[in-house]
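The values are calculated or read from the model by the stated rules, or taken from the named source; none is laboratory data. Note that this is a predicted model, so its numbers are computed, not measured. Note that each Cβ is placed from the backbone with ideal geometry, even for glycine, and that neighbours are counted across all protein chains shown.
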Amino acid sequence: MKTPLIALAAALALAAAGAQAQTSAASKPAAVKAAPAKKTTAARKATAKVPAKTAKAVEKATPVQTPSERLSDAELAIARSIHTGTIQCELGANVSVTADEQNPGFFHVVSGRQRYYMHPVESRTGAIRLEDNRAGALWLQLGNKSMLMNQKLGQRVADECATPVQREFAAQLQANPQQNLLDSPKR
């Protein structure tokens with residue numbers, strides 16, 4: 001009778017010691033990290049990105065639908081009011097906005113080495129917007145100025161860009177300032 005009791009006591013002691021060892025091992029950080037699994041060449045090829053130039057060339061060569069057909073009537077109307085040409089900006093910069101002859105409603109926008117292929121987008125404020133979703137760029141055209149922004153970086157590429165029409169509008173605003181909506185009306 002003593003032998004089974006001793007065996008039972010030994011088994012309980014071993015179980016308690018094993019549980020305590022697991023708890024202390026879990027609380028200590030692992031000394032050696034497992035090496036990350038290496039990707040096979042097939043896995044690398046599957047995750048490789050296609051260069052933007054290649055993707056644009058493929059889209060241009062085999063479109064399912066022409067880009068202009070994807071634009072709504074409102075977006076095509078916005079495209080007709082875009083100022084084109086070389087537009088002078090602050091700090092000696094300039095932006096070139098050229099309409100794409102093959103795809104009405106689309107524009108090539110170039111500033112320095114940065115090139116964008118943009119299309120009009122409707123806005124709630126009525127501001128005229130051109131966007132290049134792939135590059136994350138935005139051309140914003142207001143009555144008195146335009147600006148080119150990189151939305152991915154969250155910065156302006158070119159600011160205070162103005163055509164002669166926009167400069168004239170800015171002069172009229174300066175000569176006849178509009179009343180601030182927060183000010184009380186004059187009596």
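When Ala135 is tested against (1) surrounded by fewer than 16 Cβ atoms within 10 Å (Cβ to Cβ); (2) among the aliphatic types (A, V, I, L, M); (3) modelled with pLDDT under 90, just one condition goes unmet, and that condition is (1).
Quick one: would you say Arg156 is free of Cβ contacts under 8 Å to residues at least 24 places away in the same chain and within 27 Å of Lys56 (Cα to Cα)? Against the criterion (free of Cβ contacts under 8 Å to residues at least 24 places away in the same chain and within 27 Å of Lys56 (Cα to Cα)), Arg156 qualifies.
Selection over the stretch 148-187 of residues that are aliphatic (A, V, I, L, M) and more than 16 Å from Ala135 (Cβ to Cβ) gives a count of 8. Restricted to the stretch 98-129, and to residues that are within 18 Å of Gly154 (Cβ to Cβ) and not small (Gly, Ala, Ser), which residue is surrounded by the fewest Cβ atoms within 10 Å (Cβ to Cβ)? Among residues in the stretch 98-129 that are within 18 Å of Gly154 (Cβ to Cβ) and not small (Gly, Ala, Ser), the one surrounded by the fewest Cβ atoms within 10 Å (Cβ to Cβ) is Gln114.
The strands (runs of 3 or more DSSP E) located wholly in the stretch 106-169 that include 3 or more residues which are of a type in the set (A, V, I, L, M, F, W, C), touching a Leu at 6+ places or on another chain (Cβ under 9 Å) and under 26 Å from Ser72 (Cβ atoms) occupy 137-141, 146-150.
Looking across the stretch 65-97, the residues that are surrounded by 15 or more Cβ atoms within 10 Å (Cβ to Cβ) and not polar (S, T, N, Q) come down to Pro67, Leu71, Glu75, Ile78, Ala79, Ile82, His83, Ile87, Cys89, Ala93, Val95, Val97. Screening Leu148, Leu91, Leu173 for residues that are of a type in the set (A, V, I, L, M, F, W, C), without any contact (Cβ under 8 Å) to a residue 12 or more places away in the chain and more than 22 Å from Ala55 (Cα to Cα) leaves exactly one candidate, Leu91.
Which one is surrounded by the fewest Cβ atoms within 10 Å (Cβ to Cβ) among residues in the stretch 151-187 that are closer than 16 Å to Val97 by Cβ and aliphatic (A, V, I, L, M)? Looking at the filtered set, the residue picked out is Val165.
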